[in-house]
Amino acid sequence: MMNVNEVMSALKKVGSEQSRKIYARHGAPENMFGCKVADMKTIAKKIKGQQDLALELYSTGNADAMYLAGIVADGTRMKKADLNQWAREANWYMVSEYAVAGVAAEHPDAVAIANKWIAAKKEHVAAAGWSTYAGIVMTKDDSELNLKEIKSHLKMIEASIDKAKNRVRYTMNGFVIAVGGYVEPLIDVAKATAKKIGKVEVEMGETSCKVPLATDYIEKIESMGRVGKKKKSTKC
């Protein structure tokens, strides 16, 4: 079994200055090695199931280690206090909106956690909340979802997305896409919301990345015949 120092050494070994520069343009912090996700997944296979190690990795504050922690951690075994701490301490949107959200979506009280974060004043926490709820609708059977609440969230997005903070706008847009693509009973409602919000403007830093147009994205999922086809996990 690897310890935290050995994992950090392994991450440093596969990191590169070129990747650091690329990630920096995406808003990444200086405290990172610049590891590719594929390389982190290789390391993750060696430490799978080591929940305590995942917590130690996240606490290092190194962005690569924090992302790896999200791959390794089992959301069903996470304490709410630890998840809340992860959300607060996330230092990059790739950590908050992917690593943290992917783990939180697995928790038994994922919906309550997502809703708490959505209501947060801090941008990265609220964004993690929307990403978590998107992960829930993408993985849970429609019979397990609160469709009334989800419709209410879509209405909330229609009313507030223009005034929402930068990354919150991005994750709100992602939530609309998730509902339209994965919650079959609400596809028409999601498509209506997508049409109302239109093109969502998000500052993407020094990159050429674009915000997906929700109407087009949902239509693409429809054309592929994949509406309602749930994922096993949203971790990536």
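The values are calculated or read from the model by the stated rules, or taken from the named source; none is laboratory data. Owing to the predicted nature of the structure, the values given are computational and were not obtained by experimental measurement. Every residue, glycine as well, gets a Cβ built from its backbone with ideal geometry; the counts of neighbours run over all protein chains shown.
So the check is Cβ under 7 Å with 6+ separation or different chains; which pairs have a first residue in the range 32-54 that's among the hydroxyl-bearing types (Ser, Thr, Tyr) and a second one that's surrounded by fewer than 20 Cβ atoms within 10 Å (Cβ to Cβ) and at pLDDT below 95?
Hits for this filter: zero, empty list.
Just to confirm my filter: which helices (runs of 4 or more DSSP H) fall fully inside the range 78-174 and include at least 1 residues that are in contact with a helix residue (DSSP H, G or I) (Cβ under 6 Å, 6 or more places away or on another chain) and of a type outside the set (A, V, I, L, M, F, W, C)?
It comes to 101-104, 123-139, 147-160.
From the list ILE161, ILE218, ILE197, pick out the single residue that is within 21 Å of VAL125 (Cβ to Cβ), crowded, with 16+ Cβ neighbours inside 10 Å and hydrophobic (A, V, I, L, M, F, W, C).
Selected residue: ILE161, the only one of ILE161, ILE218, ILE197 that is within 21 Å of VAL125 (Cβ to Cβ), crowded, with 16+ Cβ neighbours inside 10 Å and hydrophobic (A, V, I, L, M, F, W, C).
(1) in contact (Cβ under 8 Å) with a residue 40 or more places away in the chain; (2) within 20 Å of ALA63 (Cα to Cα): which one isn't true of TYR133, the others all being true?
Unmet condition: (2).
Mind counting the residues in the range 100-136 that are polar (S, T, N, Q) and closer than 19 Å to LYS232 by Cα?
Summing the residues that are polar (S, T, N, Q) and closer than 19 Å to LYS232 by Cα in the range 100-136 gives 2.
Do we find a residue being part of a loop (DSSP other than H, G, I, E, B), closer than 24 Å to MET94 by Cα and in contact (Cβ under 8 Å) with a residue 24 or more places away in the chain anywhere in the range 212-222?
yes
Go through the range 28-53 and give me each residue that's more than 17 Å from the chain's Cα centre (by Cα) and over 26 Å from GLY205 (Cα atoms).
THR42, ILE43, ALA44, LYS45, LYS46, ILE47, LYS48, GLY49, GLN50, GLN51, ASP52, LEU53
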